[in-house]
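The structure appears right after this line, and notes come after that.
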Amino acid sequence: MTERVRYSRWDGSRADSPLDADALLKGLTDDLMSFGDLQHSLRNMLQRGLRPAGQPPLDGLRDILQRLRQHRRDMLEQFNLQSVFEDLQGKIDEIIDLERATLEDRLAGLESEEQGSGTRASSSPPAEPDPKPAAGGGASPPDEDAAADPREEFGGMLRKIVQQKQAALDDLPPDAAGRMRELQRYEFMDPEARRKFQELLDSLKQAMVESFFKNLSQQLQDMSPDDLQRLEEMVRDLNEMLRQRMVGEEPDFDAFMEKHGDLFGDDPPRSLDELMELMQQRAAQMQNLLDSLPGEARDQLQGMMGGMIGGSDLEADLAELAGNLEQLYPMRDLRNRYPFRGDEELDLQGAMALMDEMQGLDELERQIEHTQYGGDLDDVDADRLETILGEEAREKLDQLKSLIAILEEAGYIRKRGNSWELTPRGTRRIGQAALAEIYANLKLESFGNHPLVQHGRYGERADRTKRYEFGDPFHIHLESTVMNSIFREGPKLPVELAPDDFEVYRSELLTQTATVLMLDLSWSMALRGSFQSAKKVALALNNLIRTRYPRDNLYLVGFSAYARELKQEQLPYTRWDETVLGTNMHHALIIAQTMLAKHTVGSRQIIMISDGEPTAHLEHGRSYFAYPPSPVTIRETLKEVKRCTKKDIVINTFMLDRNFHLKEFVNSMAKINKGRVFYTTPDKLGEYVLVDFVANRRRTLRGA
């Protein structure tokens, strides 16, 4: 059965292929070559992400951080925090207007009733005099209480009450906080105004409670006297625990939660520290809201919320709680002022939710910044990141978390203690990649000016073929041999072979070589951008010798003020010396001769990579530095060049600068040693070194 597949343009919705360990290692290499610190390179990879060729880019922590900051800017441009106070002020004005309208309607009703009762009284006949004489024989005065109309008396009382209420409303302070305080003592006549004012009180109480305890207002929805009494008792017990903590005692948190745990909802805190942290976060949200309001609005809102929760004992307990929390868990890292400048209006509950989101965004930003500079990716709250930036951001974070695991599973890195290190396999892979990169450049640029390989008999088998001649190693190339017969006789079976049909692989004689690579570690190499390329060439050469010329020997020597041997496993971590001055070729040549003295068979050579003339030499075990180079340094260095020449050690020099003094020195070296000198640039260094190394270790045994 044939499977049919339809291809279409990638829309960016999913990755074309999983993350590749080799691509990740390549992303680390440049930083590792420059700084010699795998931890630093891993952090940089997590910071920057990856842009692998042929694959969708992977965002790093910097990209996620930039999205967070853009989200904050968008929110600041969206909302108008001043509207919180304006909303509360508008609700107070609406309540007062409702009450005023009701009072005016009552007065109008009273006046209408009075006018109606006055008309009825004038149209009724006068009352007949009572014929009965008063007791005691005298005329009886009229009964004033009996004569008074109860409806008129009630109406007068009601009018007086209404007028008093109108006067109370007229005498309300102009500020919203003062009006709230006075209206709490006011008895509303309008039921709708009474209901709305109670709702406003409850919302302020809830905001005040939630400024300490998350979701506590849901457990105390009615804010009844019994609820407030429970709250007061809980706050007292909490203050007692905090006092115990401040004097070094261990409070009984379990007993506290057994008594008051139902007030904290379905997800109660599991320790006193967690409870304190949650309370300070809530307190910081309210404080941030107040700090972000303009001065007058802030004072008014603060005044409106004062005295909302009940008795003075509870207010005093809450004030003590705030002080204890600040002493044990300071709020300074949680406070922030947000300059909102948008148009979208908010009420108080919406503003508190907004402060919660802004505080979560701040905390998430701190977590990512900490992770960028050595923290653990697991410290980033993935749930909060998804809530703020969406599911895609969480997927990006999960991908970043998988990078180190992919490198570890591929066997390129391993954990040692609290840090990561390259495995031997990882070091080899970096060398292979450096070698492949150099040869790829050779192919692309058709690099020339190097001797071509000459072919002959015996030695190592090459990739090309030749007609067999008597005495050649019988490394038969079967395909070419059969095709020669077919070309001669035509296609037929069986194939008949003649002596001239036989074709064999060409052979090369490869000399056994001992090489010392002298790598300049002076600060000028890094200053001029040459160190990274030189180190990459050293890795590539090491890999080339290990894989293609395993009988060869390679030693590494790094030199600055002093010279020292570099082990092959240390090469990726080698750094340029930034604390000392000097280019001590003299000391490096002494160490190189000691290393090569162990080899008496084959050729011996030194490959030196540097960007300057010698500025230091060794004398009585100490390094002496002088710039410009002193005659003594030049003389002592050239003495070691002469010793190398007497020992048949060839010095091939690859110079990364072309100043006059440098040319003069290396020309003197070449005259003494007869070695080659190459003036190159960091981007061409690898091509020069590797091609020269391969070409000059081959020798033709017999012409083709």
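The values are calculated or read from the model by the stated rules, or taken from the named source; none is laboratory data. In this text, all values refer to a predicted model and were calculated from it rather than measured experimentally. Neighbour counts run over all protein chains shown; Cβ positions are idealised from the backbone, glycine included. All accessible areas refer to the heavy atoms of the entire protein, side chains included, with ligands and DNA or RNA removed. Shrake-Rupley method; radii C 1.70, N 1.55, O 1.52, S 1.80 Å.
Show me the three semi-axes of the equivalent ellipsoid for segment 528-587, from the C-alpha gyration tensor (sqrt of 5 times each eigenvalue), largest first, rounded to whole Å.
23, 13, 9
For an R0 of 30 angstrom, estimate the FRET efficiency from the Cβ-Cβ distance between Glu152 and Arg195 and round to the nearest 0.05. Mind showing how you got there, number by number?
Numbers: r = 32 Å, r/R0 = 1.08.
Efficiency for this residue pair is about 0.40.
Length gain on complete extension for the stretch Glu489 to Asp175, per 0.36 nm per residue less the alpha carbon to alpha carbon distance?
101.6 nm
Which whole-Hz ³J(HN,Hα) couplings does segment 241-253 yield from phi under the Karplus relation 6.51 cos²θ - 1.76 cosθ + 1.60, θ = phi - 60°, glycine and proline marked x?
5, 5, 5, 5, 5, 5, 9, x, 8, 10, x, 8, 5
Can you list residues from other chains, or at least 5 along the same chain, whose modelled amide H is less than 5 Å from the amide H of Gly49?
Gly60, Leu61
Report the label-to-label distance for Glu94 and Lys646 in nanometres (one decimal), using points 7 Å from each Cα along the Cα→Cβ vector.
So the label points at Glu94 and Lys646 sit 10.5 nm apart.
Within segment 22-37, name every residue whose backbone N is under 12 Å away from a label modeled 7 Å from Cα of Arg425 along the Cβ vector.
Answer for segment 22-37: 22.
Carbon-plus-sulfur fraction of the accessible area of segment 226-368, 1.4 Å probe, in percent?
Ligands and nucleic acids excluded, carbon and sulfur give 41 percent.
Roughly speaking, what is the stretch gain from Arg337 to Glu479, that is 0.36 nm per residue apart minus the C-alpha to C-alpha distance, in nm to one decimal?
43.1 nm
Compare Lys674, Lys396, Lys160 by solvent-accessible area with a 1.4 Å probe and give them largest first, with all protein chains kept in place.
Lys674, Lys160, Lys396
I need the calculated FRET efficiency for the pair Gln70 and Glu565, taking r as the beta carbon distance and R₀ as 60 Å, to the nearest 0.05.
On the way: r = 51 Å, r/R0 = 0.86.
Efficiency, rounded to the nearest 0.05: 0.70.
Given R₀ = 51 Å, FRET efficiency for Asn418-Gln244 by Cβ-Cβ distance, to 0.05?
Approximately 0.90, to the nearest 0.05.
No solvent, one uniform scatterer per C-alpha: report log10 I(q)/I(0) for segment 38-108 via the Debye equation at q = 0.22, 0.23, 0.26 1/Å, two decimals.
-0.97, -1.00, -1.06
Stretched out fully, how many nm does the piece from Leu110 to Glu296 gain, at 0.36 nm a residue minus the Cα gap? Show your work: numbers first, answer last.
Values: separation 186, 0.36 × 186 = 66.96 nm, distance 4.19 nm.
Between Leu110 and Glu296, full extension yields 62.8 nm more.
How many Å² of accessible area per residue for segment 146-203, probe 1.4 Å?
Values: 3600 Å² over 58 residues.
Using a 1.4 Å probe on heavy atoms only, each residue of segment 146-203 averages 62 Å².
Please compute the modelled spin-label separation between Gln229 and Asp87, points set 7 Å along Cα→Cβ, answer in nm with one decimal.
3.4 nm
Can you list residues whose amide H is under 5 Å from Ser560's amide H, if they're 5+ apart or on another chain and H is modeled 1.01 Å from N?
Leu521, Asn584
Quick one: net charge of Asp500's neighbours, Cβ under 14 Å, K/R +1, D/E -1?
Working: positive: Lys466, Arg467, Arg488; negative: Glu469, Asp472, Glu489, Glu496, Asp501, Glu503.
Surrounding charge for Asp500 is -3.
Just to confirm, what accessible area per residue do you get for segment 59-105 at 1.4 Å probe, in whole Å²?
For segment 59-105, the per-residue accessible area is 46 Å².
Each residue of segment 300-305 in order: what ³J(HN,Hα) in whole Hz does its phi give by Karplus 6.51 cos²θ - 1.76 cosθ + 1.60, θ = phi - 60°, with x for Gly and Pro?
Running phi through 6.51 cos²θ - 1.76 cosθ + 1.60 with θ = phi - 60° gives 5, 5, 5, x, 5, 7 Hz.
Please give me, ordered by residue number, the trypsin sites (Lys or Arg not before Pro) of segment 220-302 that lie in loop per DSSP and have at most 12 other Cβ atoms within 10 Å.
Arg270
Using a probe of 1.4 angstrom, how much of the accessible area of segment 473-587 is carbon and sulfur, in percent?
Exposed carbon and sulfur together represent 56 percent of the surface.
With just the Cα atoms defining each centre, how far is segment 318-339 from segment 238-276? Give it in Å.
Cα centroid to Cα centroid, the span is 18 Å.
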